[in-house]
Amino acid sequence: MPHDGSAVNMRRHWPEYLMEAALLGAFMFAACVYATALWYPGSPLNAAIDDPLLRRAVMGLAMGLTSMALVYSPWGQQSGGHMNPALTFTFFRLGKVAPRDALAYAGCQVAGGIAGALLAGAALGHRVMDPPVNYIVTRPGAYAVTGAFLGELTISFILMTTILVVTNRPNLARYTPLFGGALVATFITLEDPVSGMSMNPARTLAVALPSGMWDSIWVYFVAPPLGMLLAAEVFVRVKRPRQLACAKLHHDNPKRCIFCQFQRSRCGVTAAASTASNVVTA
């Protein structure tokens, strides 16, 4: 049996790669649409909501629900619903994703995010390019670059910690997308003025390209992966699990799992044993 990281098996995983591209593309398109509806001066919703905090809360709720829907969708159930290179590479660091799958996921997430932003630009025209909207670029806010870096580091750490805690609890694992979506909503509402609330290098790059705004972009390439990797290290050292859950954010479904395939080929266990070990046994 060839190793799951081989080129042969990588070719077999192209559906999951395309699903990741489509999922982040849909997420970015939705984000641009919601932001245009809320911040474009000519929008009725913009006129109806004057309070900035309330406007961010509406945006957060919309994006949180969108995130949940995408992970729970058939494609999200099969690919794992990462939609974020920082998340994928953290699971790779934990040994849950094959190296070639991690690289392919990241590349497709970037491509999909860019495609979604460009499609939104084509559909919304000058409205999404208007300064109050401006493709919802992520830039340092009230506390400059230092605040943005610490903000991205903190929210990424919290998100990854939550994912690891919840996915490794058998009674909670199926609700991981709900926890993740709730955090997205909260962070957009409260943290957005600090960093623009990215947590995702592909999301930031996707809107930096069409907008042409690259302000302190290194923050969004460094802080989210660092925050998630730190969360993984802390979780492993504190929890000391004998086995970590699968890298899917929603595993309780009949879709195939390329991550469990990788674990089987890596550890030489049976399919039944691999399925039974999707959650921590500590």
Filter the stretch 220-247 for residues that are of a type in the set (V, I, T) and touching a residue at least 24 places away in the same chain (Cβ under 8 Å) and give the result. V222, V234, V236
Which numbered condition trips up G81, out of (1) within 17 Å of the chain's Cα centre (by Cα); (2) part of a helix (DSSP H, G or I)? (2)
Restricting to the stretch 64-74, and then to whatever is in contact with a Pro (Cβ under 9 Å, 6 or more places away or on another chain) and not small (G, A, S), can you tell me which residue is farthest from Y220 (Cα to Cα)? Y72
Run D101 past the list (1) touching a residue at least 24 places away in the same chain (Cβ under 8 Å); (2) surrounded by fewer than 24 Cβ atoms within 10 Å (Cβ to Cβ); (3) over 12 Å from the mean Cα position of the chain (by Cα) and report the number of the one that doesn't hold. (2)
Determine which single condition V133 fails, assuming it passes every other condition in (1) aliphatic (A, V, I, L, M); (2) touching a residue at least 12 places away in the same chain (Cβ under 8 Å); (3) over 24 Å from L190 (Cβ atoms). (3)
Looking at the stretch 136-149, is at least one residue among the β-branched types (V, I, T), surrounded by fewer than 21 Cβ atoms within 10 Å (Cβ to Cβ), over 24 Å from W39 (Cα atoms) and free of Cβ contacts under 8 Å to residues at least 60 places away in the same chain? yes
I need the full set of residues from the stretch 89-108 which are in contact with a Ser or Thr (Cβ under 7 Å, 6 or more places away or on another chain) and not in a loop (DSSP other than H, G, I, E, B), in order please. A102, Y105, A106
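Rule-based calculations on the coordinates, nothing more; no lab input. Values in this document were obtained by computation on a predicted structure and should not be read as measured data. Backbone-built Cβ (ideal geometry, glycine too); neighbour counts: all protein chains shown.
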